[in-house]
Amino acid sequence: MTIHTENMAVLCTTNLPRHETDILSELIEAGQVSGMSRDTGWMIPARALREPASARVPYLNYVLGYLRAKGFDWALFDCDAEPCDELTEFTWEYDLPAWAQDFRIGEHK
């Protein structure tokens, strides 16, 4: 018997827009997106998403189709991976509360 293999693309979490990653774990837990959530990212099969998930995370849906067309079976989005230059790299900026905007390590007001 031959061991079955599948191809996995390893991408940085910043290859997805922040507003989509904010809800991705929730969609996985609800069964709307197949995959696994980790504290540092997600592993998702490279196949088209169904409604309503495809409407909520359209760029993820695009990336999964792009990867499938390139012969990948899985996508691993990892915070420690290098960003893929074939895809958009998004800037993740957090909205800080007013009290934290001027905070510097070691400095307290």
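General remarks:
- Taking the number of Cβ atoms within 10 Å of each Cβ as an exposure proxy, the fewest-first ranking of M8, M1, M36 is M1, M36, M8.
- Point-to-point label distance, H4-E29, nm (Cα→Cβ direction, 7 Å offset): 3.0 nm
- The order of V10, V57, going from fewest to most other C-beta atoms within 10 Å of their C-beta, is V10, V57.
- The value given for the range 8-84 is a Kirkwood hydrodynamic radius of 12.1 Å, derived from the mean inverse Cα-Cα separation.
- Residue list for the range 1-45, given a label point 7 angstrom along the Cα-to-Cβ vector of E86 and an amide N cut-off under 11 Å: 9-10
- Potential extension, D73-R47 segment - 0.36 nm per residue separation minus Cα distance: 8.6 nm
Rule-based calculations on the coordinates, nothing more; no lab input. Keep in mind the model is a prediction, meaning the values are calculated, not measured. We place every Cβ from the backbone using ideal geometry, glycine too, and count neighbours over all the protein chains shown.
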